[in-house]
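J.: Dropping the structure in here first, questions after.
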Amino acid sequence: MQTKHENRSGEGNKTMNTEEKAPLAYNVEQLNLWYADNHALQDISMEIPEKSVTAIIGPSGCGKSTFIKTLNRMTEMNPIVKTNGSIKYRENEIFAKDFSVEYLRTKVGMVFQNPNPFPKSIYENVIYGPKIHGIKDKKTLDEIVEKSLKKAAIWDETKDRLKENAFGLSGGQQQRLCIARCLAIEPDIILMDEPTSALDPISTLKIEELIQELKKDYTIVIVTHNMQQAARISDNTAFFLNGVIVEYDQTDKIFSSPAKKETEDYISGRFG
Amino acid sequence: MQTKHENRSGEGNKTMNTEEKAPLAYNVEQLNLWYADNHALQDISMEIPEKSVTAIIGPSGCGKSTFIKTLNRMTEMNPIVKTNGSIKYRENEIFAKDFSVEYLRTKVGMVFQNPNPFPKSIYENVIYGPKIHGIKDKKTLDEIVEKSLKKAAIWDETKDRLKENAFGLSGGQQQRLCIARCLAIEPDIILMDEPTSALDPISTLKIEELIQELKKDYTIVIVTHNMQQAARISDNTAFFLNGVIVEYDQTDKIFSSPAKKETEDYISGRFG
Amino acid sequence: MKFADTTVSNERYEENTQRLSKRHIWNKAFKGICFGAMAFSILMLIVLLIRILTQGIGFLSWDLIVNFASRNAEDAGMLAALAGTIWLMVVAAPLSFVLGVGTAVYMEEYAPVNRFTKLLQTNISNLAGVPSVVFGLLGLTIFNRLLGLGASVLAGGLTLSLLVLPIIVVASREAINAVPTDVKQASYAMGATKWQTIFRIVIPTSLPGILTGTILALSRAIGETAPILVIGALTYVASTPSDLFSNFTAMPVQIYDWTGRPQEEFQNIAAAGIIIILLMLFFMNSIAVFIRTKFQKRF
Amino acid sequence: MEDRSKLSISERIEQKTKGSGSSSFMEKLMPAVFLLCAIISILTTLGIVFTLLFETVTFFRGVPFADFFASTEWYPFFSEPQYGIWPLVNGTLLVAGIAMMVAIPFGLGAAIYLSEYASEKVRKTVKPVLEVLAGIPTIVYGFFALTFVTPILRAVIPGLDVFNALSPGIIIGVMIIPMIASLSEDAMSSVPNSIREGAFALGATRMEVTVKVVLPAALSGVIASFVLGISRAIGETMIVSVAGGASPGMGIDPTGAVQTMTAYIVQVVKGDAGFGTPIYYSIYAVGMTLFVFTLAMNLLAHYISRRFREDY
Amino acid sequence: GGGGEEPGGSEESSGGEGSGEESSGQEGGSGDIAIDGSSTVFPIMEAVSEEFQKENEDIEAPVGVSGSGGGFERFIEGETDLNNASREISEEEQEALEEEEIEYTELTMAYDGITVAVNPENDFVDQLTYDQLEQIYSDDSDAETWSDINEEWPDEELDLYAPGTDSGTHDYFVENVLGGADLTRNASTSEDDNTLVNGVAGSESALGFFGYSYYSENEDDLKAVPVTDDDEEAVEPSPETINDESYPLARPLFTYFKNSSVEDDEDVEEYVRFANENAGELAEEVGYAAAPDSVYEENEEKIDEAAGE
Ligand SMILES: Nc1ncnc2c1ncn2[C@@H]1O[C@H](COP(=O)(O)OP(=O)(O)OP(=O)(O)O)[C@@H](O)[C@H]1O
Ligand SMILES: Nc1ncnc2c1ncn2[C@@H]1O[C@H](COP(=O)(O)OP(=O)(O)OP(=O)(O)O)[C@@H](O)[C@H]1O
Ligand SMILES: [Mg+2]
Ligand SMILES: [Mg+2]
Ligand SMILES: O=P([O-])([O-])[O-]
């Protein structure tokens, strides 16, 4: 499919050449991150436009997960991590002293590689977020549950078993539940770290459709191993290698005419 | 690369149409396997010629690992597994009552997805097999270690640290050590279950080269997720889907002109 | 070049059936030995139970439960001891539970990696190995004497709660540790604070494991004789404790007393008393097993 | 109400989070509360150490230090009392040694069977049953030893005294089996299956896999379980009090009566020793010795499982 | 055993009546009497408490077993009202009580006869003198076989049993029979007299001594040996011979009460009087012997005196 490439003209930059300048959801500048002595992210600069799907690809260990986790400051829970540089979420520096990490994470939802519902009922999974943020009214919560599950395209499958434990769902359903859980607090951005890698092809398809749908309202950043998936669903793609952004451009360009030899090698399957 | 295909003439069969009839390492007939009620392998029939590389590809959960483990009866350690059908290793029925499973496994080596060295020294890892099979002579063991490590292309990296714990090696080195460990008892066949999926690109390359080398002396069956890899290293390829062999043919044919629509879809990345 | 000289011939591994069958025999024998070892342990349990049952079952009666101790074996009962044991548990259980879970949460979730944490860790595993009689000496000196609690329910309960504390900490840590990072991360990723995550996710998820550990620890405390003897529990009480400062006796102490009596009948009453204490233990153990199988989530 | 429902969830969340001071109060309070809990465990240890130390010092005011460690006679009740700790240590180690000779082979065997051979179902039933065995009050074991095991042993071994080291030793061993079995089983089952598979794939029998791969891999955990077992045997009180007699001595003959450190403490606590006498303080000195012993054992177990732990 | 010292009775007259009523009034009907001490005396006091509480349902009189010594410790600390002892109070303990300004009274509650017993199969021993017992049990003696004691007896090794070295029975034996010499290290000792009984019952060459009740409950398995402290006729232990003190190893069992408790608290006074009236009978019931009547009469006077009547 897209693995053919004849044209190498499109030169990729660290900050992408978007044709029309959309408002930015994120503006990352000169981000560096170390796990103890391991320099896992090196001088990452990247602008992420809102209401779009940005895919992050690259071989295992290149820093994809680390990068996406840094966007909502989940990396800082690991005491060995040191970070410098700047990440602006909607113009606000997230590393600023008075910037609340809980606020950031409320605005920036996250979906993980393996579905990780709480060991509670489906209902409670969804209302977890609203509840911790102080919403207690039963009726509002009911509405949130219905709305979020509907948005995550899992309402029909679960509406009759809301009180059942979320562990009874299949992997794909669990993953959609996790997305619903994340939608329940109406975030602005959704980060997804290989959200389909643990799923079967049919569930994967459903999630991909869902992402296309969500993109209308949310900004989505997705890490994926699967180049076909990146090609299918994303607007822009960043190719990471050994902690560095090799190329960041519109997805079409990356897959049809990568600027860099490494990108071409990677997407044509010569390694990885 | 090989993902282009213009020609669909080569019709795949469950038993492969090899042009010259080489002696068979394995002859699988009507193999069925259940995990409790899950019919994981359905009527598998397959001939595996000696001194060749046979690749098994297919989406996750299709039964690749199950199949390859059945070839040296590792599946039977799971009490919920039920098997019927026939597998002949070099004309001998491996499910026969008086057929020793230890003998089978001595002749049929196995390399796993994740490197699994014993938590012992490199030296002891290699001599484990010879030792349990009764070789005690120090000099012979030394020879075996050197030869096996050389064959596995890891001698140079380890010759000065044979007494060190194998866990100190990198992932790729560990995997080659596991191959050396398996070569130490001079098997006839080597089964490999995604041997490179946990490795970085450079280690992967080394293992692939090694497989090409080993093929001269051994029969190799390799499971891989990576179609490029299958295309690069194998002589024959079997495509599994939901516990069934969809197509089994020479690798060139499979990748250039698959007989089945599913095969084509899979190798062109339309699902999986 | 490297494959050419095959010094080790392949035939070497063509094992003659004799060697292979020898290995098989060894394998079988080894399995048998290991099975024997396990069976022996269970056999001892059965012999012990049969021995106690045959001696005591004829003397089990309602009187044994509702009567106070008496010089006459026919009238003797263990109501005071039963009540004393229950009181001890009422003091020890919540205290050791709260302290144990608190410590475990601190160690698993808050403790920074430093010397203090290491000290704490070593300290707790050491505490778990301190003989119970030494805890008795601690209780005697600190609670009875220094704090002036005397041989009261409170002193006994405090002593026992310190005794089981390390066991509960270890079990709770394991349970908390088993909560997948995934799930915790999911909570943080929703903007939950640390305390919210602990209170709403970590503790509820690990609760079955914590409860199981606590029950098993307490069932050990029920049978402890030495520390209770050391802190000076009474032997004859014809009343049940009325408050934390009451004197008390406990089941193992009562049994110990009966077995020391000259009259044969008291030996039998003691066996019957042991049956009651074992029934209590079985009951507690089954609750623990029930919780474990029923509520423990598999991740 | 009308007003609020017009707000979107995210706006409402923002409103709520602005006014919430309580959660940050909990954020500050709870770590302190938990830390306090943790400190109590340290205080307990300090409490033990100080209690023992304080009275031990009093003891050594009356009894020379050298006597305690140099003499091999422990006769505190004699007209010229002798306070050499070694007979009690000897009795303790003798009983613990016998216990371990029972507990190690049987415990390890049971662990191997459960971890390597038994089906899931057997494992799931046997482990709780063994836990029951471990939970039986030691006083019950004590009388079992005295009234059941000793008579049987006396029928077999003619020279066996009514009180002896053998019977309580064996029974303590039996009591410790579950602990060793369970901890060793844990250590062995945490050896990843992939390593086992590696060995099976080389044509090893199950025994060869177990003895040559699994056990060495789990060795630190297994040995740590032995050491913890020893520490438990050393600290066991009621079984030896009931069935071991009260005759401190230096012999290693298991057929004769002994006295252990723990049994001595119980003897004095239950006995007639007057207040303020050296005998009274001696229980603290003995308790201190006991504490040091078990502490050493536990540190050793800790060290072993740290030092030799394999990271898979 | 002689009567207890009567510490100067200065406090007795200090108007105890009023305060006594007050305090018993405060404690209402649910008074608690704290009793602790000897394990030997325990069965008697347990019986006393059991009977006493049948008559006075709202008064609790639990009994602890801390041993005579441990009991005195608590008595000195002022924690207990009564302390049971299987020996007389020691000088150190007296001094300590004086220091704490606690006045007390000693009551003899009953007699125990330390019984010397052999295996029923033993047909050669028909009596033992104190001298012989000393030869057998003293650590200074080198007797190893029965024939070392009496040439007519078989050349079999002595298999000796004795109560735990920390018990009143042991102390009394050492004090009165061995003249203060230490007990031989060869004896098997145990805190549990039942196991001594088992030991003697199980070995033909055994000899042991323990409380009378352990003998009387196991008469079929044991043979009590008559004992004499001089060369007069040896006496066999029985409730009668113990009671009339003709059995030489009869020893008194005591309880000590705090004078101020009896003075101030009617419940305690009632209990002590009750104990004195019933101890003899109850002692026999649990396997000991009553003391001579004169002892109880003497006790009553002491109680009257302490109660300030
Ligand atoms: N918790 C950690 N501690 C130390 N090093 C880490 C940690 N997590 C990741 N790393 C290192 O950081 C680098 C980037 O890891 P990261 O997980 O971001 O890779 P990735 O691109 O997500 O790979 P994958 O596709 O396998 O998930 C790797 O070298 C990895 O070893
Ligand atoms: N131990 C097991 N118990 C029960 N079912 C199993 C077990 N192992 C595999 N299965 C099931 O058998 C089927 C085939 O699994 P198998 O592991 O052979 O797939 P695979 O092709 O190797 O997949 P992957 O690429 O993910 O390794 C799947 O449906 C799987 O769920
Ligand atoms: Mg990742
Ligand atoms: Mg697989
Ligand atoms: O407890 P005693 O003082 O009678 O040994």
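J.: So the check is Cβ under 6 Å with 6+ separation or different chains; which pairs have a first residue in region D:230-243 that's surrounded by 24 or more Cβ atoms within 10 Å (Cβ to Cβ) and a second one that's part of a helix (DSSP H, G or I) and acidic (Asp, Glu)?
T.: none
J.: Here is a follow-up. What's the number of the condition D:Ala111 fails, among (1) surrounded by fewer than 22 Cβ atoms within 10 Å (Cβ to Cβ); (2) assigned to a helix (DSSP H, G or I)?
T.: (1)
J.: So, one more: Could you list, in sequence order, the residues of region D:65-103 that are surrounded by fewer than 19 Cβ atoms within 10 Å (Cβ to Cβ) and part of a loop (DSSP other than H, G, I, E, B)?
T.: Once the filter is applied, which keeps residues that are surrounded by fewer than 19 Cβ atoms within 10 Å (Cβ to Cβ) and part of a loop (DSSP other than H, G, I, E, B), region D:65-103 yields D:Ser71, D:Thr72, D:Glu73, D:Phe78, D:Ser79, D:Glu80, D:Pro81.
J.: Also: Count, please, the residues in region A:109-161 that happen to be within 12 Å of chain D (Cβ to nearest Cβ) and in contact with a strand residue (DSSP E or B) (Cβ under 9 Å, 6 or more places away or on another chain).
T.: Total meeting the criteria: 2.
J.: Quick one: B:Gly129 ticks every box in (1) in a helix (DSSP H, G or I); (2) free of Cβ contacts under 8 Å to residues at least 24 places away in the same chain; (3) of a type in the set (Gly, Ala, Ser) bar one, so which box is it?
T.: (2)
J.: Now, a different point. Quick one: which residue in B:Ile87, B:Ile56, B:Ile68 is more than 14 Å from chain D (Cβ to nearest Cβ), under 24 Å from B:Tyr266 (Cβ atoms) and either part of a strand (DSSP E or B) or not charged (D, E, K, R) (or both)?
T.: On inspection, the qualifying residue turns out to be B:Ile56.
J.: Another one. Kindly provide the set of residues from region A:222-259 that are closer than 23 Å to A:Leu199 by Cα, within 14 Å of chain B (Cβ to nearest Cβ) and part of a loop (DSSP other than H, G, I, E, B), ordered by number.
T.: Passing the criteria: A:Thr224, A:His225, A:Asn226.
J.: Residue check: is C:Arg261 among the basic types (Lys, Arg), free of Cβ contacts under 8 Å to residues at least 60 places away in the same chain and either over 20 Å from C:Ile228 (Cβ atoms) or within 10 Å of another protein chain (Cβ to nearest Cβ) (or both)?
T.: Yes; evaluated as a whole, the condition is true for this residue.
J.: Among what's in region D:125-136 and is without any contact (Cβ under 8 Å) to a residue 40 or more places away in the chain and facing chain C (nearest Cβ under 8 Å), pick the residue that is farthest from D:Leu215 (Cα to Cα). Outline the logic, then answer.
T.: So in region D:125-136, the residues without any contact (Cβ under 8 Å) to a residue 40 or more places away in the chain come out as D:125-126, D:128-129, D:132, D:135-136.
Filter once more, keeping what is facing chain C (nearest Cβ under 8 Å): D:126, D:128-129, D:132, D:135-136.
Working: D:Val126: 21, D:Pro128: 23, D:Val129: 24, D:Val132: 26, D:Gly135: 27, D:Ile136: 29 Å.
Of everything passing the filter in region D:125-136, D:Ile136 is farthest from D:Leu215 (Cα to Cα).
J.: To continue, here is another question. Answer yes or no as to whether A:Gln212 is part of a helix (DSSP H, G or I) and either within 24 Å of A:Arg90 (Cβ to Cβ) or within 16 Å of ligand 1 (Cβ to nearest atom) (or both).
T.: Against the criterion (part of a helix (DSSP H, G or I) and either within 24 Å of A:Arg90 (Cβ to Cβ) or within 16 Å of ligand 1 (Cβ to nearest atom) (or both)), A:Gln212 qualifies.
J.: Now for a separate question. For the structure I just gave you, tell me whether D:Gly62 is open to solvent by less than 10 Å² (accessible area, probe 1.4 Å) and over 18 Å from D:Thr262 (Cβ atoms). Talk me through it step by step, then tell me what you get.
T.: Values: open to solvent by less than 10 Å² (accessible area, probe 1.4 Å): no; over 18 Å from D:Thr262 (Cβ atoms): yes.
Judged against the criteria, D:Gly62 is not a match.
J.: Can D:Ser190 be described as small (Gly, Ala, Ser) and away from chain C (no Cβ under 14 Å)?
T.: Criteria not met by D:Ser190.
J.: Here's another thing I want to ask about it. Quickly run through region C:111-146 and pick out the residues that are of a type in the set (Phe, Trp, Tyr) and modelled with pLDDT under 90.
T.: Listed by number, the list holds a single entry, C:Phe116.
J.: Please return the ranges of helices (runs of 4 or more DSSP H) entirely within region C:150-229 where 1 or more residues are without any contact (Cβ under 8 Å) to a residue 12 or more places away in the chain and touching an Asp or Glu at 6+ places or on another chain (Cβ under 8 Å). Steps first, please.
T.: Values: elements: C:153-177, C:181-189, C:194-197, C:203-223.
It comes to C:194-197.
J.: Suppose we filter region A:176-187 for residues that are within 14 Å of chain D (Cβ to nearest Cβ) and within 24 Å of A:Gly63 (Cβ to Cβ); how many remain? Please lay out each step first, then the result.
T.: Of the residues in region A:176-187, the ones within 14 Å of chain D (Cβ to nearest Cβ) are A:180-187.
Retained after the next criterion (residues that are within 24 Å of A:Gly63 (Cβ to Cβ)): A:182, A:187.
Residues that pass the stated criteria total 2.
J.: Only residues that are part of a loop (DSSP other than H, G, I, E, B) and within 14 Å of chain D (Cβ to nearest Cβ): list them for region E:88-134, please. Before you say what the answer is, go through the steps one by one.
T.: Quick first cut of region E:88-134, residues part of a loop (DSSP other than H, G, I, E, B) only: E:88-90, E:100-103, E:114, E:119-127.
Within region E:88-134, E:Glu88, E:Ile89, E:Ser90, E:Glu100, E:Ile102, E:Asn119 meet the criteria.
J.: Out of (1) surrounded by 22 or more Cβ atoms within 10 Å (Cβ to Cβ); (2) more than 16 Å from ligand 1 (Cβ to nearest atom), what's the single condition that is false for A:Met227?
T.: A:Met227 satisfies all of (1) surrounded by 22 or more Cβ atoms within 10 Å (Cβ to Cβ); (2) more than 16 Å from ligand 1 (Cβ to nearest atom) except (2).
J.: Take the residues in region A:185-224 that are within 16 Å of ligand 2 (Cβ to nearest atom) and of a type in the set (S, T, N, Q), then tell me which one is surrounded by the fewest Cβ atoms within 10 Å (Cβ to Cβ).
T.: Among those that are within 16 Å of ligand 2 (Cβ to nearest atom) and of a type in the set (S, T, N, Q), it is A:Ser197.
J.: Give the number of residues within region B:188-200 that are within 9 Å of another protein chain (Cβ to nearest Cβ) and away from ligand 3 (no atom under 16 Å from the Cβ).
T.: 2
J.: What residue, among those in region B:22-53 that are closer than 20 Å to B:Thr106 by Cα and outside any loop (DSSP other than H, G, I, E, B), is nearest to ligand 3 (Cβ to nearest atom)?
T.: B:Val53
J.: Follow-up question, since we're still on this one. Need the failing condition index for A:Phe112 against (1) hydrophobic (A, V, I, L, M, F, W, C); (2) within 17 Å of the chain's Cα centre (by Cα); (3) open to solvent by less than 10 Å² (accessible area, probe 1.4 Å), just the number.
T.: Among (1) hydrophobic (A, V, I, L, M, F, W, C); (2) within 17 Å of the chain's Cα centre (by Cα); (3) open to solvent by less than 10 Å² (accessible area, probe 1.4 Å), the lone unmet condition for A:Phe112 is (3).
J.: Being in a loop (DSSP other than H, G, I, E, B), within 14 Å of another protein chain (Cβ to nearest Cβ), open to solvent by less than 10 Å² (accessible area, probe 1.4 Å) and within 23 Å of E:Ser138 (Cβ to Cβ) narrows it down to one of E:Leu178, E:Leu207, so name that one.
T.: Values: E:Leu207 fails: in a loop (DSSP other than H, G, I, E, B).
Answer to the check: E:Leu178.
J.: Among the residues of region B:188-203, are any away from ligand 1 (no atom under 16 Å from the Cβ) and over 18 Å from B:Ile56 (Cβ atoms)?
T.: Yes, region B:188-203 contains at least one residue that is away from ligand 1 (no atom under 16 Å from the Cβ) and over 18 Å from B:Ile56 (Cβ atoms).
J.: So, one more: Among the residues of region B:54-104 satisfying the criterion of being of a type in the set (Phe, Trp, Tyr) and within 25 Å of B:Gln250 (Cα to Cα), which is nearest to ligand 3 (Cβ to nearest atom)? Quick ask: steps written out before the conclusion?
T.: First, pick out the residues of region B:54-104 that are of a type in the set (Phe, Trp, Tyr): B:67, B:89, B:95, B:99, B:103.
With the extra rule that they be within 25 Å of B:Gln250 (Cα to Cα), the set shrinks to B:67, B:89.
On the way: B:Phe67: 29, B:Tyr89: 40 Å.
In this case the residue turns out to be B:Phe67.
J.: Return the pair list, or none, for Cβ contacts closer than 9 Å from residues in region C:27-45 that are more than 7 Å from chain D (Cβ to nearest Cβ) to residues that are of a type in the set (A, V, I, L, M), at least 6 apart or on different chains.
T.: Partner pairs satisfying both residue conditions: C:Lys28/D:Met207; C:Ala29/D:Met207; C:Ala39/D:Ala110.
The values are calculated or read from the model by the stated rules, or taken from the named source; none is laboratory data. Just so you know, these numbers come straight off a predicted model, no measurement behind them. Ideal geometry is used to build each Cβ from the backbone, glycine not excepted, and the neighbour counts take in all protein chains shown. Just so you know, the surface numbers come from the protein's heavy atoms only, side chains and all, with ligands and any DNA or RNA stripped out. Shrake-Rupley method; radii C 1.70, N 1.55, O 1.52, S 1.80 Å.
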